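What follows is a short report on a single structure.
The values are calculated or read from the model by the stated rules, or taken from the named source; none is laboratory data. A quick note: this is a predicted structure, and the numbers were derived from the prediction, not measured. Note: ideal-geometry Cβ built from the backbone for every residue, glycine included; neighbour counts use all protein chains shown.
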Amino acid sequence: MTATGGPEVLVAQDVPAPRPQPGEVLVRNEAIPVLYPETLVRSGAFPIPIPLPLIFGTQAVGVITEVGAGVDAALIGQRVAVASNGFGTFAELVSVPAESTVRIPDGLPSADAAAVMMSGSVAIPLLETAKLTGTETVLIEAAATGVGGYLTQLAKEYGAARVIATAGGPEKADRAREFGADEVIDHLDPNWPERLREILGGATIDVVFDSIGGESARTVLDLMTPLRGRMLSYGLLSGGFAQVSAMDLVMRGLTLIGCSGADWLAGVAQARGAALERAAAGSLTPLVDRVLPLDQAAHAHQLIEDRAVKGTIILQP
Ligand SMILES: NC(=O)c1ccc[n+]([C@@H]2O[C@H](COP(=O)([O-])OP(=O)(O)OC[C@H]3O[C@@H](n4cnc5c(N)ncnc54)[C@H](OP(=O)(O)O)[C@@H]3O)[C@@H](O)[C@H]2O)c1
């Protein structure tokens, strides 16, 4: 990444190979997921201090080829998921703390593991936090891809009775239905909360998994179960998190649960193993959009910004 800006700031360059420092493992990457939140870092919309130029990317799946001092050499040859706060995964090799890696279950292809390792492991703590009772109605936004897609696959198992989803256009609506949504609303219509009101016909929503955020979140509050409704705010697809005030919540007796930040992400990291085990066992279907060569990282970001993806793009060195 040469600067903040459009996808073109991601360029392929030769750089010296990293060396594993004490406590680290060197991983030869096989599959690198291209993540929606990373596009916000690249564009500058999510301003975090990063030194430029930067080897981009925060996650990968690969094989340990070398270990640093103090790390068990028996790890060499193991296939692992890598998550790096220090970036550096859009590369053939990355060096990360050994303790931050998670073993990939045998039989799970690396591309599938890369697709599920972030979005699948966000869905699990979201569903645990929601504490669904078995009789409740949930709303899952942007349910055809990413976190929303995995939430939709798992919602009934975690106790949702009725799943209403949003998706962009008829093709993505069909996908959300395949994942388990009972009804799907097209969120490309700016008045989609009104469509939701029609579908509910006087019933209410108990739990909202809010990835769109912004103004629509406030409109949805009027459709939630007074005194029991919970909105889990975890995304900002509209450009900002849910625009709701304490007054909006207090006057309806609703709860807003913030699901972001360092402590939240520590819980997400803990769920990574469970998401990978589920994918290997077949209880979570990995959503891979396509596999591209590593030097097409900029093209991958463009496809995500054009909303032209139906799952995670995987880069392959
Ligand atoms: N808090 C956390 O732990 C956490 C972790 C990961 C991601 N996130 C956040 O969760 C959200 C979803 O991330 P993801 O990785 O799961 O993304 P994703 O589903 O892989 O991709 C985003 C999808 O959202 C839809 N979308 C894009 N712009 C939209 C808009 N303005 N309004 C409504 N829908 C829009 C698109 O679907 P359609 O074509 O169907 O519209 C697109 O496929 C993002 O805001 C991300 O930053 C939070």
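Brief remarks follow.
- Pairing residues of segment 273-289 that are β-branched (Val, Ile, Thr) with residues that are in a loop (DSSP other than H, G, I, E, B), at Cβ distances under 8 Å and at least 6 apart in sequence or on separate chains, gives 288/311.
Per-residue answers, yes or no, for (1) at pLDDT 95 or above; (2) part of a loop (DSSP other than H, G, I, E, B); (3) more than 18 Å from the chain's Cα centre (by Cα):
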{"position": "50", "(1), (2), (3)": "no, yes, yes"}
{"position": "56", "(1), (2), (3)": "yes, yes, no"}
{"position": "65", "(1), (2), (3)": "yes, no, yes"}
{"position": "82", "(1), (2), (3)": "yes, no, no"}
{"position": "90", "(1), (2), (3)": "yes, yes, no"}
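- Members of segment 180-218 found to be within 15 Å of the ligand (Cβ to nearest atom), on the phi > 0 side of the Ramachandran plot and part of a loop (DSSP other than H, G, I, E, B), listed by number: 213
- From the list 315, 223, 256, the lone residue that is touching a Phe, Trp or Tyr at 6+ places or on another chain (Cβ under 7 Å) and crowded, with 17+ Cβ neighbours inside 10 Å is 315.
- Within this structure, residue 239 fails the test of being at pLDDT 95 or above, within 23 Å of the chain's Cα centre (by Cα) and within 16 Å of the ligand (Cβ to nearest atom).
- Segment 249-280 - residue that is outside any strand (DSSP E or B) and over 20 Å from the mean Cα position of the chain (by Cα) and, of those, farthest from the ligand (Cβ to nearest atom): 251
- Flag for residue 98 being aliphatic (A, V, I, L, M), in contact with an Asp or Glu (Cβ under 9 Å, 6 or more places away or on another chain) and not assigned by TED's automatic domain parsing to the domain that holds residue 148: yes
- Residue 145 falls short on exactly one of the conditions (1) within 19 Å of the chain's Cα centre (by Cα); (2) surrounded by fewer than 18 Cβ atoms within 10 Å (Cβ to Cβ); (3) within 13 Å of the ligand (Cβ to nearest atom), and that condition is (2).
- Residue identified as under 29 Å from residue 220 (Cα atoms), near the ligand (Cβ under 9 Å from one of its atoms) and surrounded by fewer than 17 Cβ atoms within 10 Å (Cβ to Cβ) among 246, 308: 308
- Any hit, segment 109-116, residues being more than 16 Å from the chain's Cα centre (by Cα) and not hydroxyl-bearing (Ser, Thr, Tyr): yes
- Criterion (more than 16 Å from the ligand (Cβ to nearest atom) and among the hydrophobic types (A, V, I, L, M, F, W, C)) met by exactly one of 40, 127, 35, 52: 52
- Which numbered condition residue 150 misses (of (1) aromatic (Phe, Trp, Tyr); (2) within 9 Å of the ligand (Cβ to nearest atom); (3) assigned to a loop (DSSP other than H, G, I, E, B)): (3)
- Only listed residue being among the small types (Gly, Ala, Ser), surrounded by fewer than 21 Cβ atoms within 10 Å (Cβ to Cβ) and at pLDDT 95 or above, chosen from 275, 280, 262: 280
- Remark: pairs (first residue in segment 170-199, among the aromatic types (Phe, Trp, Tyr); second residue modelled with pLDDT under 95; Cβ separation under 8 Å; 6+ apart in sequence or on different chains) = 192/216.
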